[in-house]
Each structure stands twice: as structure tokens, then as C-alpha cells.
Amino acid sequence: MKGNEALAEAALQAGCHHFFGYPITPQTEVAAYMSKRMPKVGGTYLQAESEVAAINMVYGAASAGVRAMTSSSSPGISLKSEGISYLAGCDLPCLIVNVQRGGPGLGGIQPSQADYWQATRAPGHGDLHILVFAPSSIQEMVDMVFEAFELADTYRMPAMLFADGMLGQMMEPISFPEKQVKPFDKFSWAACGHQGKRKHNVINSLYLKPDELEQTVLERFKRYEIVKEKHTQWEEYLLEDAEYVVVAYGATSRIVRSAINTAREQGIKVGLIRPKTIWPYPTEAISKAADTAKAFLCVEMSMGQMLDDVRLAVNGKAPVAFFGHTGGIVPTPNEVLDEIRKLAGGDR
Amino acid sequence: MLEQLKRILVIVGHYGSGKTNLAVNLAMDFRKAGKEVALADLDIVNPYFRSADFTGLLEENGIEMIAPPYARTNLDIPALTARLDAVLDTDRQIVIDVGGDDAGAAALGRYSAAIQEAGGCDMLYVVNGYRYLTRTAAEASSLLSEIQNASRLEATAVVNNSNLGELTTPQVIADKLLFAQETAACYGLPLLFTAVPEEFSGEVRSMIPDSEVYPVRVYVKKPWEV
């Protein structure tokens, strides 16, 4: 399936029957697919009047305790950021999909990873985190959509599927997981009608007393610590004997993997750490690799944003180089191979 | 087989059914057969993986590439070029690679009258029996009806392009012959051929001896496959 269609179908199968979107290249097929399929499962598909409206519809639907999602591409995610902050401030689960394109501003329509800072640092204002999944294949997009909904519900926080135009537009064979979706009982907190069985539930992010707000945020951050401990995900490739370590995620990691295979044929001991979640970030895995690795290389379709997290994790134990393209240019395996060779001293 | 086809050859189908790869192969083969060839990228719904990506290859081989003026740039506006009207009016072989589904076929509708005036066309409906939502003949033929309505043209044959990307084997292709035949039968159309990556063409031929096999080169690749 095409990436955008596959993630949409996965959301439907994960029990998300409320989609609110607005078209933007290169994610429009998500909305187009939902508009065709949603009526057939008896769900609600709504093309909102703007991205701001769409995220606020998700806010409303999530408040009522249903699985809800929206999807967009980079400029549209910026518009959604106020709503994302409110969702996080009200402890509401939802799925936000970003099929990234080049920026800043209107930027371009080709693939990019330049929204890393936005997704991991400031998806909205205030002290908050959201779960951020970074798939590198269409199968992983499908699997992560299911997982994102589950973890969002479990920890009552927004989750983001952080893809790029390449993943959204390309075709790959996939299979859908044959698992029953766990029903989540949201009656205790959702504004879904008290049926005379409990007090009114109030969905709110405004606190009149500063100490109440601080207490709420502190409790939320305790939950974030559990998420970090239990749900940080990454993949290691040819890392056991690696003298050089490349860190890359998403579609870029596929290009890096191809370059690593060639470098290995040339006798360079190089491996890959691929973060599968970028919040929470696999800091410890990188830190551990830094105990033995001679040098690191971070490759991204940006000017170097995840690079900050790699440097924080390496913490000065080894040099960290960077290679990237931005504005919609996709690095080639040969370019990455050249960078690996430079890292290994250029004498191989 | 290619010599039986009309001068104007239109390729339609579901998103990702393999239209672009087929269109590039057909254009290259017409050219090898000594014809003057143009390939028109009429896809104004898909930003990547499109015929215009192969402009260099096609032009090196003496094939004219006709693409929307802003194809492969960051300006995603659905502009069409006047050049296609001009080429329809000549006696050159033209392959028209249309965007996916009825959404993509709407742009073709703009040319339906001009195509009829120029002597009509062969319109090939490309199917991949492994594509979600077009896995049965009923689903695939229902999509064709949407495409025909949007394009105001009628398909003249079905092409079996069933594959599973990198997981494709000769058996994977041969298994979907019946699906393609049934899809064609829904509209009383012939199944023109089964498109097969050239390295598998011998094996697939022996598996489906009574059916036409068209060997294709895989041009459309992902950045890490290059």
C-alpha cells in the first residue's frame, strides 16, 4: 500500500472512527482515504475549515473519550500547535500525523525531517511532552499507529506519528496485525455523560491557583518518567563490533543502512542506532555505544536537529559529525558512504 | 503486441498500481521499434514517483517528455501544458501516464474530446491484485467505473501488473492471473498482458503459457534501492 493510505487504514482498524483533517501535500491521501472509508465503518470524517479547527475537533472528540486523529504536513502542524498544547494540558489521548515536507514557512512539498525540534521540544507551548513515533517503513507506520493509540490511551497523552513525504508517498507490501483492539474504559474521566453514576467530569487546562497547576504538571512529568523507562524504542544494526556509529531515523535510516552495508564490504566497522521513538529518546543506548565507539555520525534531512540529542547522549565521550540535506533534498547512499569514510579517517 | 495498439495510448489505474513504470517501459519500447515517441505525465495529484522523474533518461533516448510545467518543483498547482494538445495533433506515438484513481483521471477528461478527434485511443487499466481495496475483480472493476466517469473515456484492455514490490516472485505474479482475467471479464475487455520484471519473464511465461507476458525493467525505485 501507499504509506499515507496504510496509516489511515491502520487507524481505522485500531478503532479510530473520528478523523478531522485538512488537505496538504504530501499527506492528502490520508484525508482522501478516510473520506472514502470512514462512512463504511459508520465513523465521522470531517474536512475542517482549517488545521486549527481540525485539531480543536480532535480536542472535542478526545474529551468525549473516543479515539480521534488528525493529520497534516509541516506548515499545518504549526497551526495545530495551540490545540496540541491544550490536549496535553487536559491529559487527552489522540493521534497527530505529520508527513513532513520542507520548511520553514510554506517551504516545499518534497520530503524533510526538519520538524524534529518542533515534535520533541515544542509541539505546543508549556511544560509538556507528546509521544513521538518515527517509522522507517510502511509496515512500521502501520504497527506504530496501533501502538500510538494504545500508549496515548494508557498514559492519557497525545501521540504523534512522525513520518516524511517519502514514507507517505512510497509503496511497500504490508500486512495488518490481526489483533483485537483493547477497549479502553474512559468513563472515569471522559465527558461522555455521567448517567447518574458519578460526578461531572471536567476537561480543563486552566488552573486558577499556581500551586494547583504546578502540582498537575509535576504529576504529569512523573507519568512521563514511566513512559521514558518503559517505552523508549530503538533498533541497533551491526553495532556489536562497530568502531563508528551512525544515528539516523525514518526514511533516512534506510539510506544510511544501505551505505553501511557498502562500508562494511570495504572493511569499515560501522553500525547504526535508529531511534524508533524520538520522544522518549534512546539516550542510554547511544551513551552506551559512546563508551566504545571512536566517532559518531548523525544523518538527517535537516540542518542537524536530532544532532542535539545525539550530542547530549554522547556527552563528549566521542566526536559527533553531521551530514544532512534540507529543503526537500534526499541524501544518497553514496553521499553517506563518503561521510562514513571520512569518519573512518579517509584512509580506507 | 505493441504494434496492435493505437497511436494514443492512455495508462490509468489505482494509485501505486505501477502506471508510471509501465508507461516508461512502453515509451522506451516504442522508441526501440523506431517510432517517434512522446510520454505525457498527466499526473497532477501525486507529488513524487512520477514519469517526470525520468525526463533525463527519456530525453537521452530521444523521447519527448511532456510534463505539467511545475512538476517536480515545490509549486503543487494542477497546471497542464499546452504541449499535449499539440502532440495529440501529430502522427507521433504518445503514451499518457495518468494520475491515480478517478481524482487523477479527471485531468484526462480535459482531453477526451481532443483524443476522440485525433482518432481515439487505447486505454489500459493497470491492476495490481495485491493492492488493498482492489484485491477482488469486483473492487477493481468498481474503481474502473469511477475512472471512466472522470476521464470520459473507456478502457480498451486490462493490464495485470500484480506485484508485491521487493517481495515479488514469479509465483506471486502468476497467482493473480485469474484475478486480472476476471476483472477484464467484468467489462468484456481483453487482458492485454501481464507485466513482469525482466529477470522473471521466462519463469512466469512457463507458469502462464496461454497468457501474454510483457517484460519490464523496474525504473521506479526508492532512494536506498538506487
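Rule-based calculations on the coordinates, nothing more; no lab input. Since the model is a prediction, treat every value here as computed from it, not as a measurement. Using ideal geometry, Cβ is built from the backbone for each residue, glycine included, and neighbour counts are taken over all protein chains shown.
Here are a few things to note about the model shown:
- Across the alpha-carbon set of region A:138-220, the Rg to Rh ratio works out to 1.11, Rh being the Kirkwood radius.
- Going by neighbour counts of Cβ atoms within 10 Å, the residues A:262, A:277 line up, fewest first, as A:262, A:277.
- Short-range pairs are left out: with C-alpha atoms under 8 Å and at least six residues apart, the relative contact order of region B:2-225 is 22 percent.
- Chain A: calculated mean residue ellipticity at 222 nm from DSSP helix runs of at least 4, using -39500 (n - 2.57): -13000 deg cm²/dmol
- With Cα atoms defining each centre, region B:107-126 and region A:322-347 are spaced 46 Å apart in the structure.
- When the inverse distances between all different Cα atoms of the protein assembly as shown are averaged and flipped, the Kirkwood radius reads 25.4 angstrom.
- Theoretical FRET efficiency, 1/(1+(r/R0)^6), r = Cβ-Cβ of residue B:149 and residue B:4, R0 30 Å, to 0.05: 0.65
- Dipole of chain A computed with +1 at Lys/Arg Cβ and -1 at Asp/Glu Cβ about the Cα centre; of A:191, A:13, A:305, farthest Cα towards the positive end is A:191.
- At the listed q of 0.14, 0.28, 0.33 Å⁻¹, the Debye profile of region B:110-155, built from one uniform point per Cα, gives log10 I(q)/I(0) equal to -0.40, -0.99, -1.19.
- Reported to the nearest whole Å, the Cα centre-to-centre distance from region B:133-157 to region A:40-116 is 33.
- Stretch in chain B that is longest and holds no GluC sites (Glu not before Pro) that DSSP places in a loop and that have at most 15 other beta carbons within 10 Å: B:37-153
- Longest segment of chain A lacking GluC sites (Glu not before Pro) that sit in a DSSP loop with at most 12 other Cβ atoms within 10 Å: A:50-177
- When the charge dipole of chain B is built from unit charges on Cβ atoms (+1 for Lys and Arg, -1 for Asp and Glu) and taken about the Cα centre, the candidate among B:204, B:161, B:51 whose Cα reaches farthest toward its positive end is B:51.
- Gyration tensor analysis over the Cα atoms of region B:2-225 returns equivalent ellipsoid semi-axes of 25, 19, 18 Å (largest first, whole Å).
- Reciprocal mean inverse distance between Cα atoms of region B:86-217 - Kirkwood radius, Å: 15.6
- Neighbour cut-off at most 12 other Cβ (10 Å), DSSP loop, chymotrypsin sites (Phe, Trp or Tyr not before Pro), region A:1-69: none
- Multiplying each eigenvalue of the alpha-carbon gyration tensor of region A:258-340 by 5 and taking the square root yields semi-axes of 20, 17, 11 Å, largest first, rounded to whole angstroms.
- Kirkwood-Stokes translational diffusion coefficient of region A:86-174, alpha-carbon pairs, 20 °C, 1.002 mPa s, µm²/s: 157
- Considering only A:255, A:345, A:320, the residue lying farthest towards the positive end of the dipole of region A:192-348 is A:255, judged by Cα position with unit charges set on Cβ.
- Extension gain, residue A:240-residue A:209: 0.36 nm per intervening residue step, less the Cα-Cα distance, totals 5.9 nm.
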